[in-house]
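S.K.: My questions all concern the structure below.
The values are calculated or read from the model by the stated rules, or taken from the named source; none is laboratory data. The structure presented is a predicted model; accordingly, all values stated were derived computationally and were not measured. As a convention, Cβ positions derive from the backbone with ideal geometry for all residues, glycine included, and neighbour counts pool all protein chains shown. Protein only, heavy atoms only, side chains kept; ligands, DNA and RNA dropped before computing areas. Shrake-Rupley method; radii C 1.70, N 1.55, O 1.52, S 1.80 Å.
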Amino acid sequence: LESLLSEFKHQLSSQEFKFLKDSKEHFSIPWFSVIYKMHKNPIETRLIVAGYNWITKGASVFLSEKFKAFIPLFDTILQDSLSLIQRLESHCFPKKVILFTLDVKALYTNIPIQDAIDTLYEFFRIYDSELAILLKKFLDFVLKNNLMQFAGKFFHQIFGIAMGTALAPMLANIYMAI
């Protein structure tokens, strides 16, 4: 993180720089936690890494905020549930239209890290090549430094986006939309 801050200090606002610098001062290796998916039959579990105090947290939040500027470029990404309701209420559908939803099973953990980095870099490069380089290097830092602990042992996640990182929803939305 220190080398990224040094390399991109001229591209970061003073607030961004301070936020990222502060995030590297106090951190701890995240641990697994289990969330029960009560709506499934039979009940399933989902492992989540509580990365709220990990060294990548600040960079993950920073990237998520940067990615928000690109969301309006995609008509297939909804901002939130309210935007879905507004879209549905503003359209008149023929009676034979059937609306449905889908869920990609284990989406975050099945996104290949390097492909996500490369794909998003190529997309961002279309709009701002200097920003694209910054985003790519921060993405590399966040996605390739997912460490966690469980039962006294340490693990390095080498495939997929860590569930529980601030960046995951925004990255997955853009990656799928591209």
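S.K.: For D115, state whether it is under 28 Å from S23 (Cα atoms) and open to solvent by 60 Å² or more (accessible area, probe 1.4 Å).
M.R.: Working: under 28 Å from S23 (Cα atoms): yes; open to solvent by 60 Å² or more (accessible area, probe 1.4 Å): yes.
Criteria met by D115.
S.K.: Can you tell me which residue within region 121-178, out of those that are open to solvent by less than 60 Å² (accessible area, probe 1.4 Å) and of a type in the set (S, T, Y), is modelled with the lowest pLDDT?
M.R.: The extreme case among them is T165.
S.K.: Something else now. Of all the helices (runs of 4 or more DSSP H) wholly in region 1-96, which have at least 3 residues that are modelled with pLDDT under 90 and open to solvent by less than 100 Å² (accessible area, probe 1.4 Å)?
M.R.: Details: elements: 2-8, 14-23, 57-68, 81-90.
Hits in region 1-96: 81-90.
S.K.: Here's something else I'd like to know. Give the number of residues within region 98-120 that are modelled with pLDDT of 90 or more and not in a helix (DSSP H, G or I).
M.R.: 3
S.K.: In region 122-167, how many are assigned to a loop (DSSP other than H, G, I, E, B), within 15 Å of the chain's Cα centre (by Cα) and over 17 Å from L107 (Cβ atoms)?
M.R.: Residues of region 122-167 assigned to a loop (DSSP other than H, G, I, E, B): 128, 144-145, 151-152, 158-167.
Checking which are within 15 Å of the chain's Cα centre (by Cα) leaves us with 144-145, 159-167.
Within this subset, residues satisfying the condition of being over 17 Å from L107 (Cβ atoms) are 144-145.
Within region 122-167, residues that are assigned to a loop (DSSP other than H, G, I, E, B), within 15 Å of the chain's Cα centre (by Cα) and over 17 Å from L107 (Cβ atoms) number 2.
S.K.: Okay, next question. State whether the residues of region 26-42 include one that is over 19 Å from H156 (Cβ atoms) and among the charged types (D, E, K, R).
M.R.: yes
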